[in-house]
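Undergrad: Have a look at this one before I ask anything.
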Amino acid sequence: MTTIRVQREGTQEFTLDRGYVAKVNTSRCINCGTCRENCPVGAITEAQRWICRVCPECTDQPVMRLQDIDDFCTKQSCTTACPLGISPQGYIGLARNGKEDAAYRMIWEKNPLPAVCSHICHHPCEQVCKRGVLVDDPMAIRGIKRYLDANVEYTRPAYPRLHDERIAVIGAGPAGLSAGHFLSSLGYEVTVFDANNEPGGMLVRAIPEFRLPREEIRKDIQKLAEAGLDIQCGVRLGKAQIKELRDEYDAIVVAAGTPHGKEITWVPKWNYDAVYTAIQFMDFANNDQNTYRMPHQNFVVEGKEGVVIGGGSVAMDTARTALRLGAKKVTVVCLEEGEYVPAHKWEKDEAAEEGVEFLEGYSPKAYCGRVNTLEGIDFVKVTDYAKDENGKITFNTDDSDVRHIPTDFCIVAIGQYADPIYPEADGKTVFWAGDIAGGACSVIDALASGRKAAFAVDSAIQERTLRNAETGHSLVAAPREEKIYPCNRRKILHHERPMQEVGDRLKNFDDVELTYTKKQAYQEELRCLGCGYAMIDTDKCIGCGMCQKLCPQGDVISMVKK
């Protein structure tokens with residue numbers, strides 16, 4: 001038996017007698033992170049295996065120098081790429097072993113909108129998947145998540161009530177719902193207010209149904225409401241109402257988003273009747289709403305030709321939506337070119353498959369028409385382009401290089417802005433989350449921002465800092481004997497994402513991406529290389545057995561004599 005001295009950050013040092021330590025069966029560990037996140041003394045880290053990539057004929061990807069392989073070992077991992085700290089390797093491993101319920105539970109315990117993310121998450125985990133970098137194609141992580149969402153029933157446990165403090169959240173979009181969920185999970189009474197008639201924010205207003213069916217949004221939100229999250233819609237807040245909330249509640253999380261589309265006011269005649277912002281157009285297309293319509297505007301595009309200005313995800317969504325509403329032709333025009341176009345490659349590819357045309361590296365110069373009727377747009381060539389760390393864009397143009405595009409309507413998708421009525425975040429009683437707080441603006445990033453705000457509220461009220469083991473952990477290199485030879489893992493069938501046939505897509509607003517069958521999902525799960533596993537520092541381990549008790553795999557950790 002060994003006596004050890006233990007001290008966690010911010011705690012008093014103590015000693016204990018230790019007879020046993022935890023030992024991991026590395027061949028069985030699925031790297032879910034459960035033990036690491038719950039270890040009371042921080043004795044567990046994530047080890048990443050060295051993946052051999054020195055033989056030219058071994059895989060489809062280029063060979064690497066030994067030093068590069070060493071460096072790459074701990075450079076990236078699917079488990080550190082998710083903004084919510086979910087371990088894809090973990091739930092893929094559970095699903096592969098027939099534990100689909102446990103796999104899905106691992107997702108929704110950290111993600112308040114799992115169904116939504118199984119449809120539209122931009123899957124940063126796939127972008128760093130080592131199989132995709134070193135072997136052939138990345139794991140279809142979102143596809144597996146979507147299969148689990150479609151085939152596992154779950155009920156969120158009721159939120160506990162542990163504190164007397166009451167928190168108001170303004171905005172029922174992803175960030176607001178996330179803040180509300182995590183604050184409720186911490187034991188606070190939370191009320192989420194939203195001006196729209198249905199919660200969901202931009203999920204409902206701006207994302208087309210062929211990417212995110214409305215029933216998927218409603219399913220997730222209903223689960224939160226059933227667990228006890230109070231969501232009040234149709235509540236429009238002005239400065240007076242916000243002051244009342246500040247008096248009535250102990251803290252406010254402002255997650256009101258950026259609901260107004262930016263306009264190209266520096267181009268003459270920018271306010272033609274047939275020039276819409278992306279938010280105006282998508283709110284009409286999704287909900288038949290004219291809330292943001294200018295006088296005399298209509299959104300009829302059937303049989304007409306249109307231009308979308310902008311190169312991001314919203315531009316692709318609006319262009320594809322216009323085609324489904326009967327537009328004869330749609331051209332996307334953006335400042336950027338090639339790999340600098342901000343939309344994800346798969347978004348651009350899907351738009352091109354459906355007939356969207358592209359003109360890259362051009363900026364609008366003039367709207368052309370008569371009596372407020374749009375007839376075309378002049379564009380000039382962008383000669384250089386730059387974006388600073390704050391997102392401010394600067395560029396120069398060659399006015400001698402002009403392209404005229406005849407068009408009947410124009411959709412401007414160059415960004416959005418927030419209402420100026422909200423109080424500034426002070427870190428004491430007012431906190432911001434989501435798009436209004438700046439930073440990355442994807443759905444998964446908004447959810448992470450909401451969680452961050454929730455922990456900040458708790459820290460301010462309770463004067464404590466909760467251990468956030470879900471994110472921010474570092475990677476260590478596994479011993480060389482744990483290395484992986486890709487050639488042994490290569491010949492497993494990779495199913496491309498099942499999709500609607502291109503010829504059928506434009507006929508409806510049905511979901512473009514379909515769901516794996518059980519067989520397809522299982523075959524995809526088999527492709528995981530198993531890059532990481534839990535590594536225990538036996539000098540720190542106190543032999544409490546918590547990791548063994550909580551391991552969802554069940555046969556990974558044993559207690560051995562020290």
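Undergrad: Quick one: is ASP445 surrounded by 12 or more Cβ atoms within 10 Å (Cβ to Cβ) and among the acidic types (Asp, Glu)? Quick ask: steps written out before the conclusion?
TA: Values: surrounded by 12 or more Cβ atoms within 10 Å (Cβ to Cβ): yes; among the acidic types (Asp, Glu): yes.
Spelling it out, ASP445 is indeed surrounded by 12 or more Cβ atoms within 10 Å (Cβ to Cβ) and among the acidic types (Asp, Glu).
Undergrad: Right, another one. What's the number of the only condition in (1) among the acidic types (Asp, Glu); (2) touching a residue at least 60 places away in the same chain (Cβ under 8 Å); (3) assigned to a loop (DSSP other than H, G, I, E, B) that ASP220 fails to meet?
TA: Single failed check for ASP220: (3).
Listed here are the residues, each with its yes/no results for (1) outside any strand (DSSP E or B); (2) modelled with pLDDT of 90 or more; (3) among the β-branched types (Val, Ile, Thr).
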residue: ARG5; (1), (2), (3): no, no, no
residue: ILE30; (1), (2), (3): yes, yes, yes
residue: PRO56; (1), (2), (3): yes, no, no
residue: ASP71; (1), (2), (3): yes, yes, no
residue: LEU84; (1), (2), (3): yes, yes, no
residue: GLN89; (1), (2), (3): yes, yes, no
residue: ALA95; (1), (2), (3): yes, yes, no
residue: ALA102; (1), (2), (3): yes, yes, no
residue: CYS117; (1), (2), (3): yes, yes, no
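Undergrad: What residue, among those in the range 186-219 that are acidic (Asp, Glu) and under 23 Å from ALA418 (Cβ atoms), is surrounded by the most Cβ atoms within 10 Å (Cβ to Cβ)?
TA: Of all residues in the range 186-219, those acidic (Asp, Glu) come to 189, 194, 198, 209, 215-216.
Add one more test, that the residue is under 23 Å from ALA418 (Cβ atoms), and what stays is 194, 198.
Details: ASP194: 25, GLU198: 18.
Ranking the qualifying residues of the range 186-219, first place goes to ASP194.
Undergrad: I need the full set of residues from the range 210-233 which are among the aliphatic types (A, V, I, L, M) and within 17 Å of the chain's Cα centre (by Cα), in order please. Step through it out loud before you land on a result.
TA: As a first pass, look at the range 210-233 and keep what is among the aliphatic types (A, V, I, L, M): 212, 217, 221, 224-225, 227, 229, 231.
Passing the criteria: LEU212, ILE217, ILE221.
Undergrad: Follow-up. So the check is Cβ under 7 Å with 6+ separation or different chains; which pairs have a first residue in the range 358-371 that's assigned to a loop (DSSP other than H, G, I, E, B) and a second one that's of a type outside the set (A, V, I, L, M, F, W, C)?
TA: Short answer, once both residue conditions are applied: GLY361/GLU337; GLY361/LYS381.
Undergrad: Tell me the helices (runs of 4 or more DSSP H) entirely within the range 136-207 that contain at least 2 residues that are touching a strand residue (DSSP E or B) at 6+ places or on another chain (Cβ under 9 Å). Steps first, please.
TA: Working: elements: 141-151, 174-185, 202-205.
The qualifying helices (runs of 4 or more DSSP H) are 141-151, 174-185.
Undergrad: Are there any pairs with C-beta distances below 8 angstrom linking a residue in the range 433-453 that is over 24 Å from GLU347 (Cα atoms) to a residue that is among the basic types (Lys, Arg), with the two at least 6 apart or on different chains, and if so which?
TA: ALA433/LYS452
Undergrad: From the list ALA343, ALA322, ALA351, pick out the single residue that is surrounded by 18 or more Cβ atoms within 10 Å (Cβ to Cβ), in contact with a Gly (Cβ under 8 Å, 6 or more places away or on another chain), assigned to a helix (DSSP H, G or I) and in contact (Cβ under 8 Å) with a residue 24 or more places away in the chain. Don't jump to the end; show me each part of the working.
TA: Details: ALA343 fails: assigned to a helix (DSSP H, G or I); ALA351 fails: in contact with a Gly (Cβ under 8 Å, 6 or more places away or on another chain).
Step by step, each of ALA343, ALA322, ALA351 is checked, and only ALA322 is surrounded by 18 or more Cβ atoms within 10 Å (Cβ to Cβ), in contact with a Gly (Cβ under 8 Å, 6 or more places away or on another chain), assigned to a helix (DSSP H, G or I) and in contact (Cβ under 8 Å) with a residue 24 or more places away in the chain.
Undergrad: Let me ask you something else. How many residues, within the range 384-400, are outside any strand (DSSP E or B) and modelled with pLDDT of 90 or more?
TA: Going residue by residue through the range 384-400, those that are outside any strand (DSSP E or B) are 388-392.
Subset that is modelled with pLDDT of 90 or more: none.
Number satisfying all stated conditions: 0.
The values are calculated or read from the model by the stated rules, or taken from the named source; none is laboratory data. Just so we're clear, the structure is a prediction, and the values are computed from it rather than from any experiment. Quick reminder, even Gly has a Cβ in these numbers, built from the backbone with ideal geometry, and neighbours come from all protein chains shown.
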